[in-house]
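The values are calculated or read from the model by the stated rules, or taken from the named source; none is laboratory data. Because the structure is a prediction, the values reported are computed rather than measured. No Cβ is skipped: glycine too gets one built from the backbone with ideal geometry, and neighbour counts run over all protein chains shown.
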Amino acid sequence: MLRLGIDIDGTITDPKTFVPYLNKSFNKTLTYEDLKQYDLTKVLQISEADFITWMDENEPIIYKDSPLALHAKTVLDEWKDQHQLLFISARREHLLDITYNWFKENELFYHHIELIGSHNKLEAVKKNNISIFFEDKHDNACMICEEHQIPVILFNTPYNQDPIPKGVIRVNHWLEAKDWVNQWYEAKVL
């Protein structure tokens, strides 16, 4: 049984989720493809303080209504009896109830949910003895792979196109992730 560490936003939720909220709040006409950087302060050309204020006001609404990423539920439903599903997110702890409700409303199974309030997931990966991690943030994927010597599945987005080290595997959706994990697991078991 693998211990799968899984990010939430942009990984099991659709990475396009933020676009309409950004456009409405900042009077923009951004497309998903315009999000070439993870740091939205640079995309929006606003201060970090302004962005934090915006996130404080909008995070609960966005996270409550986030749609699932393509094929995420199908794959995770297949894995729930085979592997441990441990969700590790940079969301802040005050969003825990919203997060649990979102999982319940989407009928998405979990063994553990941990909101660490930081993008630095290294300690959580170590503490939870993660076998493979699933991520959309480029530097997180690279750091986790290099620090813990585990494979990291990086979901392909416009904002994570920098080169990746060996051990970070780029996929376009959850069915590709499933295929890679199943092949890797079979090779490891045999």
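The set of residues from the stretch 72-88 being under 19 Å from residue 171 (Cβ atoms) and polar (S, T, N, Q) comprises 74, 82. When residue 182 is tested against (1) closer than 17 Å to residue 84 by Cα; (2) buried (at least 16 other Cβ atoms within 10 Å of the Cβ), just one condition goes unmet, and that condition is (2). Touching a residue at least 12 places away in the same chain (Cβ under 8 Å), in contact with a strand residue (DSSP E or B) (Cβ under 9 Å, 6 or more places away or on another chain), among the aromatic types (Phe, Trp, Tyr) and surrounded by 13 or more Cβ atoms within 10 Å (Cβ to Cβ), is that true of residue 21? Answer is no for this residue. Comparison of 34, 77, 9, 14 shows that the only residue that is of a type outside the set (Ser, Thr, Tyr), over 21 Å from residue 162 (Cα atoms), in contact (Cβ under 8 Å) with a residue 24 or more places away in the chain and surrounded by 12 or more Cβ atoms within 10 Å (Cβ to Cβ) is 77. Give me the residue from the stretch 67-96 that is small (Gly, Ala, Ser) and in contact with a helix residue (DSSP H, G or I) (Cβ under 7 Å, 6 or more places away or on another chain) and, out of that set, farthest from residue 19 (Cα to Cα). Restricting to residues being small (Gly, Ala, Ser) and in contact with a helix residue (DSSP H, G or I) (Cβ under 7 Å, 6 or more places away or on another chain), the top hit is 72.
Can you tell which of 56, 9 is in the same structural domain as residue 122 (by TED's automatic domain parsing) and either in contact with a Cys (Cβ under 7 Å, 6 or more places away or on another chain) or of a type in the set (D, E, K, R) (or both)? If you could, list the steps in order and put the result at the bottom.
Values: 56 fails: in the same structural domain as residue 122 (by TED's automatic domain parsing).
Testing whether each residue is in the same structural domain as residue 122 (by TED's automatic domain parsing) and either in contact with a Cys (Cβ under 7 Å, 6 or more places away or on another chain) or of a type in the set (D, E, K, R) (or both) leaves just 9.
Let me confirm something: among 113, 46, which residue is of a type in the set (Val, Ile, Thr) and within 24 Å of residue 156 (Cα to Cα)? Checking each option against the conditions leaves just 113.
Run down 101, 160, 172 and say which single residue is closer than 17 Å to residue 11 by Cα, surrounded by fewer than 13 Cβ atoms within 10 Å (Cβ to Cβ) and either in contact (Cβ under 8 Å) with a residue 24 or more places away in the chain or out of contact with any Pro (no Cβ under 7 Å at 6 or more places or on another chain) (or both).
Only one candidate passes the filter, namely 172.
Being modelled with pLDDT of 95 or more, out of contact with any strand residue (DSSP E or B) (no Cβ under 9 Å at 6 or more places or on another chain), outside any loop (DSSP other than H, G, I, E, B) and farther than 25 Å from residue 97 by Cα is a condition met by no residue of the stretch 51-60.
Candidates in the stretch 1-30 are the residues that are outside any loop (DSSP other than H, G, I, E, B) and β-branched (Val, Ile, Thr); of these, the one that is nearest to residue 144 (Cα to Cα) is 6. So, of the residues in the stretch 122-157 that are under 11 Å from the mean Cα position of the chain (by Cα) and hydrophobic (A, V, I, L, M, F, W, C), which turns out to be surrounded by the fewest Cβ atoms within 10 Å (Cβ to Cβ)? Filtering the stretch 122-157 for residues that are under 11 Å from the mean Cα position of the chain (by Cα) and hydrophobic (A, V, I, L, M, F, W, C), the one surrounded by the fewest Cβ atoms within 10 Å (Cβ to Cβ) comes out as 154. Within the stretch 31-43, can one find any residue that is within 20 Å of residue 119 (Cα to Cα), touching a helix residue (DSSP H, G or I) at 6+ places or on another chain (Cβ under 7 Å), assigned by TED's automatic domain parsing to the domain that holds residue 173 and assigned to a helix (DSSP H, G or I)? Checked against the condition, which is being within 20 Å of residue 119 (Cα to Cα), touching a helix residue (DSSP H, G or I) at 6+ places or on another chain (Cβ under 7 Å), assigned by TED's automatic domain parsing to the domain that holds residue 173 and assigned to a helix (DSSP H, G or I), the stretch 31-43 yields no hits at all.
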